[in-house]
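Have a look at the structure below before the remarks.
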Amino acid sequence: MEGIMMRNKEKYSVAVRKSDGEIEVMTGTYEPPIPEKITSLPFIRGTFVMINSLVLGMKTLGWSAEFFEEDEEEGTGKGAEKGADDTSKKEDKEKGISPLMMGLTVCFSLVLSLGLFMFLPYFLSELLRNVVKSNTLILIFEALLKLIIFVAYVAAISLMDDIKRVYMYHGAEHKCINCVENGMELNVENVMKSDRLHPRCGTSFMVFVLIVSIILFMFIRTDSRLMRFAIRLVLIPVIAGISYEIIRWAGSSSNPIVKILSMPGLCVQKLTTREPDEKMAEVAIRAVEEVFDWRAYLQELKGENGELP
């Protein structure tokens, strides 16, 4: 939608550009459905962090979508009737999506992603067993299918006008983070000249999931078709856990090897991010400032001598 969600530890914010040009901001305290004690355990936290992020994403998306419903009502002449309902609509916004609807949506999203990017390539590659006897060739074919389907999906939805704007806001989000992490003041000028690619992006996480799954399945083999399917199902948390640790490492290291590992994800980000305009940068800045004191961060980064390390 026309906005950006930012989270810093337990705080989160959503900044949305309304049709009248005003930036509306919502802030809140993040209360994850899965306890932090679980999500802080290395190699276990990956799956649960992903689920928590999906839940928060659905909640904030539901809030931002309310503004588009209001704009549509005003455009069709129904806006005159909404004056008396402002209080009730505000309460509805604060309530957001119901827990049941949120849970069903998250489950559907997970099933769709796994089905499209993991199990569909597997079942298609299994059809080759009638003509190809080499397990290695079949696994290579499955790996290629995973990458092709993922990239084709990302490229296809990027052609939609609404998704183009989502990708532009995605770019604005990355630019803000890169601006601060590079020691620059958070303003529109600095944001616009910052890089729109970032190694800790969800896109990179998905790419790592695909790569890790390809590597694991190359080494874990069985002649049983049922066992091959079961292994792919059981190893989902393991794959997510390993991928999450890699992306955390990639986001905090300047090691040349890490940079090489991050390259596939950064390449795909060229599809999932676009250069934003200045108004989008303003929205991103508002979202960041609600949850993060970038001035204090820059002061700490520069140290006593006032220079970057």
| remark: Quick calc: nm separation of the 7 Å Cα→Cβ label points for GLU245 and GLU31 -> 3.3 nm
| message | Can you compute the modelled spin-label distance between PHE123 and GLU300, with each label point 7 Å from Cα toward Cβ, in nm? | response | 4.9 nm
| field | ALA155-LYS259 FRET efficiency (beta carbon distance; Förster radius 22 Å; 0.05 resolution) | value | 0.35
| Residues listed by number, the range 1-29, amide nitrogen under 15 Å from ASP162 label point at 7 Å toward C-beta | 1-3
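Only the coordinates and a few stated rules stand behind these numbers; no lab work does. Keep in mind it's a predicted model, so treat the numbers as computed, not measured. For neighbour counting, all protein chains shown are included, and Cβ atoms are generated from backbone atoms with ideal geometry for every residue, glycine included.
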